[in-house]
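The values are calculated or read from the model by the stated rules, or taken from the named source; none is laboratory data. Everything numeric in this text was worked out from a predicted model, so none of it was measured. Backbone-built Cβ (ideal geometry, glycine too); neighbour counts: all protein chains shown. All accessible areas refer to the heavy atoms of the entire protein, side chains included, with ligands and DNA or RNA removed. Shrake-Rupley method; radii C 1.70, N 1.55, O 1.52, S 1.80 Å.
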Amino acid sequence: MRPETPPSRPHDPPAQDTCIQTTPIQPSGTLKIASRDAVSFPTPDPTSVVHALPPKIRRRDDPKFAAAKMAAFQYVAVAIFLFLVSGFWELQIKSPEIYNERAERNRIKAFPIVGPRGKILDRDGRVIVDNHSTWRLILSRENLRDEHLHEIAEGLHLDYEELAKKVARYRKRPKYEPITIKEDLTPSDLAFVDSHRDPETFPEMELIQSQRRLYPENGILAHLIGYTGEISESELDNPDYAKFNQGQIIGKTGIEKEYNDSLMGTDGERQSVVDNLGREHEVLGIKEAIAGKNLKLTIDLDLQVVAELALGDKRGALVALNPNNGEVLAMASRPSFDPNKFAVRIRTKDWKEITSDPANPLLNRAIQAQLAPGSTFKPFVALAGLETGNVDENTAFNCSGGAEFYGHRHGCWSVHGSTSLHKGLAQSCDVYFYNVGNRTGIDSLAFYASQAGFGEKSGIDLPNEAVGIVPSPEWKLRNYRQKWYAGETISVAIGQGALTVTPLQLARAIGGLAMGGIWHRPHLVEADTGKTKPKEWALTASNVKKVVDGMFAVVNEGGTGSRARLPGIDVCGKTGSAQRASEEYEKTHKDFKDNAWFVAYAPCYKPEIVVAALWENAGLHGQYAAPIARDVIKSYFDKKARQADADLQRRNPANALTKGVSIASPL
């Protein structure tokens, strides 16, 4: 049967027998052909091989992609090569010495040799401060491991937190700088180090010999000498300490600080060959350390010991000077402290104990205690009155136990009746000096006080000297923006009010007055004697003698300082009792008592020694401070006599033996 021809669409061309029209392949697999017969094909087998077009070429086999990879590899290779060349240039050509040094340091190790500080001697050459050999433990940072710190701290009885902080502070320092972690090792410390510093345990631990400061016992001269210690972080940040390195021992206070550059030694080193574990195999060379220079002081150790004993457990200070040249013969401050505790590293417990003490043992009262001088200021009031012509030696005032000035009554410690200059000084009559001060005026009082060195630093070669206060209208206006009242002059005239001085200032001032108006700069190093021009003020010799005669009467004519009298020695002096607060306040505060002062010199008309003694919070009059100064003056002249006898025997031994004189030691 002939198949039916599908109808033609309107626009299709007429079908012809010779044309074959294809149709889409049907799922049945029959192919329709525009012919008379239909041809059938079998359904394709899925498992049979399908002959299709060749697949698309992958990118990795693309020649263009392979070329890109080759180019990238070449660029990387060139970069690596350039990096190696630049490193070679840096290592071998640009900075070879730096890297050679680092490489050499891996083989050669430098062990420091500490340069000892110079000794400190007294005026007779006796050693005051010495050194003694000890062991110091350092950590080599090339071999340092943080995990070892806890066990090291435990074995050496150190605070782990402090040790860790100390190590952390060295992070930015060069690796070759060691860290000192403990000085003055004990036998148990040495045993721990010896048993643990092998390469397999704690290879960073290294022992070096050191020199530790050895100070006098019982706090003798502690404030004057000072102490040493490791440089602190705050000091390292100070430009004045730019030449020092972390871990160095420097002077912290006193003479140790003032003359640190002279006393400090120069460290040496020992160079040794070590292996990769830090074990020493051979010593290549030793650069010897250089000791610091010895320092000879003006201090007389004999007088110093007497001064310390005279003060005892009192809170106060003593200064002894030679008024002819400013040499400090003795300087004591009590309570004191043990500088040996600071020589290594003070324990936290000891530091808290010292700083929490209400008596403030770290305060050098000889140069830092600023207190009202009381009646020891009266010789300068008398001198100002005489020099200005407001009074003479015969000017007298009646003392009935007090006097009224500007609507306020000012008392006196006793009733003295008619009193002139000589009696006024001998008996320390307040009423007499109220009147002298009132007549003279505050401007003249301040002027003569300043000429004597009050209200300014003396220039002594010690750090942190206090200035004190000389009150005046200008001073009050500058500091308080208030005017001066005449009634305030009355208090200043007896050494009270806003007037404050230090024991050193008082000793220097009295010495200069006794010398007729010549004030030398106090100094502690013998080599400085005579190098500084003294301050001079042309005082009237007759006026000076009138004041000196009055001070002679204080000690030798039944005055307030009779306890300082010495047979065969003309001692001049002046007592002083200074209120620390009003009488009403002191009555309700029993621990707030008057200070006792005494200043003296001898001989009166050709002085060789001047002594100022302060007894703080004594609650007694200045006469009770007089024996402190007296003992030092007596010791001075006793030693002078012994030395004269010894010189006599050396010059003429036979004559000395006939007189029964034996050689006396300066001790």
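Would you mention how many residues in region 221-232 are in contact with a helix residue (DSSP H, G or I) (Cβ under 7 Å, 6 or more places away or on another chain) and in contact (Cβ under 8 Å) with a residue 40 or more places away in the chain? Final tally of qualifying residues: 8. Under the condition of being touching a residue at least 60 places away in the same chain (Cβ under 8 Å) and in a loop (DSSP other than H, G, I, E, B), the residues counted in region 165-199 number 8.
Conditions (1) part of a strand (DSSP E or B); (2) not small (G, A, S), marked per residue:
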{"position": "S210", "(1), (2)": "yes, no"}
{"position": "G229", "(1), (2)": "yes, no"}
{"position": "N245", "(1), (2)": "no, yes"}
{"position": "I255", "(1), (2)": "no, yes"}
{"position": "D302", "(1), (2)": "no, yes"}
{"position": "V306", "(1), (2)": "no, yes"}
{"position": "A310", "(1), (2)": "no, no"}
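In region 393-406, which residues are touching a residue at least 12 places away in the same chain (Cβ under 8 Å), open to solvent by 30 Å² or more (accessible area, probe 1.4 Å) and of a type outside the set (S, T, Y)? Scanning region 393-406 gives E393, N394, A396, N398.
Would a scan of region 493-503 turn up a residue that is more than 37 Å from the chain's Cα centre (by Cα), under 16 Å from A446 (Cβ atoms) and open to solvent by less than 30 Å² (accessible area, probe 1.4 Å)?
For region 493-503, residues more than 37 Å from the chain's Cα centre (by Cα), under 16 Å from A446 (Cβ atoms) and open to solvent by less than 30 Å² (accessible area, probe 1.4 Å): present.
One residue stands out in region 342-388 among those that are within 21 Å of P463 (Cβ to Cβ) and among the aromatic types (F, W, Y): the one that is most open to solvent (accessible area, probe 1.4 Å), namely W351. Of the candidates E154, E101, E97, E147, the single residue that is modelled with pLDDT of 80 or more and more than 16 Å from P203 (Cα to Cα) is E154. Where strands (runs of 3 or more DSSP E) fall entirely within region 397-458, those with at least 2 residues that are small (G, A, S) are at 402-405, 417-419.
Identify the residue in region 636-657 that is out of contact with any Asp or Glu (no Cβ under 6 Å at 6 or more places or on another chain) and open to solvent by less than 20 Å² (accessible area, probe 1.4 Å) and, among all such residues, is nearest to P373 (Cα to Cα).
Checked region 636-657; the qualifying residue nearest to P373 (Cα to Cα) is A646.
Step by step: first the residues of region 425-435, then only those that are in contact with a strand residue (DSSP E or B) (Cβ under 8 Å, 6 or more places away or on another chain) and closer than 12 Å to I494 by Cα, then the one that is surrounded by the most Cβ atoms within 10 Å (Cβ to Cβ). Which residue is that? So, considering only residues that are in contact with a strand residue (DSSP E or B) (Cβ under 8 Å, 6 or more places away or on another chain) and closer than 12 Å to I494 by Cα, the one surrounded by the most Cβ atoms within 10 Å (Cβ to Cβ) is Y432.
Among the helices (runs of 4 or more DSSP H) confined wholly to region 551-667, which include 1 or more residues that are in contact with a Gly (Cβ under 7 Å, 6 or more places away or on another chain), over 24 Å from G497 (Cβ atoms) and modelled with pLDDT of 95 or more?
Details: elements: 583-588, 626-651, 653-658.
It comes to 626-651.
Within region 293-320, the set of residues being in contact with a helix residue (DSSP H, G or I) (Cβ under 8 Å, 6 or more places away or on another chain) and open to solvent by less than 10 Å² (accessible area, probe 1.4 Å) comprises L297, T298, I299, L303, A307, L311, G316, A317, L318, V319, A320.
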